[in-house]
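Working notes, structure below.
The values are calculated or read from the model by the stated rules, or taken from the named source; none is laboratory data. Source: prediction; values computed, not measured. A quick note on method: Cβ atoms are made from the backbone with ideal geometry, for glycine too, and the neighbour counts reach across all protein chains shown. Only protein heavy atoms, including side chains, enter the accessible area calculation; ligands, DNA and RNA are left aside. Shrake-Rupley method; radii C 1.70, N 1.55, O 1.52, S 1.80 Å.
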Amino acid sequence: MEEIAILLVAGTLIALVSARLGTVPIVGFLAAGAVIGPGGIGLIGDIDLVNQSADIGVVLLLFTLGIEFSLERVRKLAALFLVGGAIQVGITTGIVTLLVAAFGAGWRTSVFTGLLVSLSSTAIVLKMLSERRATTSSTGNVAVSLLIFQDLAIVGMVLLVPFLGGAPAGPADILVVIGKALGIVAVVVVLARTLVPTWMRWVARNQSGEVFLLTVLAICFGTVYLTSLLDVSISLGAFLAGLMVSESRLAARAMGEVMPLQILFSATFFVSIGMLFDPAYLARSALLVIGLAIGVVLVKLLSTAVAAALLRQPKAVVVSSALVLAQIGEFSFVLERAGGEFGLVPAGLAGGTDAFIAVTVVLMALSPFALRLGDRMTARIAAAADFPAEADVAGDPAEGFAHHGSDLRDHVVVTGYGPRARHVVDALEQVSVPYTIVSLDPRAEERAVESGRAVLVGDVSRHLIAERAGLSEARVVLAVDSPPARVEEFARVAREHNPHVVILAWAEDVDDASDLHRDGLVDHVVAERQAALDALIAHTLGHFEVSETDSEAILHSVLGPEGAERDSGFADPQRDDRADAEPRTDQPT
């Protein structure tokens, strides 16, 4: 407990200082590890405990990557990660092998060093891309595809290590592991299409939010454990687990529930990497580390650029993807430890391990700056080619759930999809006002699909779901099918994301409306039994400059000529709760 407390406190404080200095949190976490680690002031004694937490961070990071992907997207990018990945890893390994051999190292050591350098940091790259919502951009597609190949290739690399160390090994061993991996992939595809979506939907309907989170984590770590039993990379297992979840319509909710844990353990991972760094060694061997780092960057830039160019990627994407992958990855540490057991040392240097760690940590710390450099260079390329640079960053809004409402501006965010919300949405569609529907109830999503509408299934109080719904850019938010406590929670979240947004709500009685007004959370609450719904719709349309005459026509169309009578069900809150209101899964826990 002491180590975890020190790690979190030190990591947070140094990350805050880094943020004040204008650097990204990743640099702060790496610096925190260097300060509190054995090479610094030595506050952490149990390194194994930190490493175990870091392993969880890597698993959750790859799991969330799998959720953002889908089997269809993997199919579309198959050529990119198979062909492009093979080219990138092959060129990097070949060039480094030749360079190290030229300085007198044996061929086994040279190949081993080439394999170490060929891997880029999945954790660093995904973190940087996800922070700017660019994992589905053109650059994101190239970078992630090459990273997936590298994560698959690490399985074969680890199997090659005994052979490179002089131990007997045959191609049959590699073929067996590849066969296991392919078998696991086939099982995952079947489960993703059949069992997992059904199971998640049943849990979401009938169990609490805590049980849903535990179910998602069970899918993740259960798959990781099974792949480890088959001697297959846990990174591959975590990614495949995410793919299974991605096929469910509850993928966005799963992502929102897991993200806080992913952020926590990912921070632990970056701190643990920083703890490996020895500042004293860098001070003694600064010129060597800088020279090696420059060499690694040049080789990685060349190999990635060639791979992307041969696959006919745009010039801007070639440049940006090359820069974003110009570092050594965390799985290289796994490979380096495996090589150490057989007497393999990076580049055959006397202090090869220390040099390898120093170069890796330095390049990881510089990765965010390389990404910014890529932005500037692609902007210049885009300007010269006379097309907007943003085309590469935004990604495809149609890709899965990732951009459900985040591409909208001045829209309406509707929480829940009960009877009132459906009438409000009918009215919004008549005047072409954009909207996003968010609900925890999977049955709401089913009802919406029947009417040709999309629902973002998730808890809007989660930062990720609020971001996906575009809450920070919304003009109006509506809470019309939830109890007062839920309305209050939603209103607080909406104010945090968008202080200027107009919040409208429906309450069962005047007392509930008064409570919401008193706290200043809600701008307008309707509580009249007969006129509640038409007043709410009219008030919403008024914020989009719809005239009173047009509003009356829309109300007549949506509610019918006897609107108040047709809306008599809304005057009976008990009936509403029994028949069609948001279920218990939408209640705060």
Heavy-atom accessible area ranking, 1.4 Å probe, most first, across LYS180, LYS127, LYS315: LYS315, LYS180, LYS127
At a probe radius of 1.4 Å, what is the per-residue accessible area of HIS524, in Å² to the nearest 10? 50
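Against the empirical 2.2 N^0.38 Å scaling, what ratio does the C-alpha Rg of the range 227-305 come to? Mind showing how you got there, number by number?
Values: Rg = 19.1 Å, N = 79, 2.2 N^0.38 = 11.6 Å.
Working it through for the range 227-305, the quotient is 1.65.
Once you have a ≥ b ≥ c as the square roots of the Cα gyration tensor eigenvalues for the range 253-343, tell me rounded if a/c is under 1.5, and otherwise prolate or oblate according to whether a/b is larger than b/c. Mind showing how you got there, number by number?
Working: a/c = 1.88, a/b = 1.03, b/c = 1.82.
Oblate shape, in that a/c is at least 1.5 and b/c is the bigger or equal ratio.
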Once phi is turned into θ = phi - 60°, what whole-Hz ³J(HN,Hα) does the Karplus curve with 6.51, -1.76 and 1.60 give for every residue of the range 99-106, x standing for Gly and Pro? 5, 5, 5, 5, 8, x, 6, x
With a probe of 1.4 Å, find how much accessible area the range 29-70 has per residue, and write the answer as a whole number in Å². 33
Give the span of the range 130-286's Cα atoms along each principal axis, as three whole-Å numbers ordered largest to smallest. 58, 44, 31
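By average Cβ neighbour count within 10 Å, what is the ranking of 99-112, 60-73 from highest down? The partial results should precede the final answer.
On the way: 99-112: 17.7, 60-73: 23.5.
Sorting 99-112, 60-73 by mean packing, highest first, produces 60-73, 99-112.
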If I take the Cα coordinates of the range 1-154 and project them onto the principal axes, what are the three extents in Å, biggest first? 46, 46, 29
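Protein chains only, probe 1.4 Å: how do ARG453, ARG75, ARG422 rank by accessible area, largest first? List each step's numbers first, then the result.
Values: ARG453 25, ARG75 150, ARG422 60 Å².
The ordering from most to least exposed comes out as ARG75, ARG422, ARG453.
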In straight Cα distance, which lysines are under 29 Å from LYS300, not counting same-chain residues fewer than 8 positions off? LYS76, LYS127, LYS315
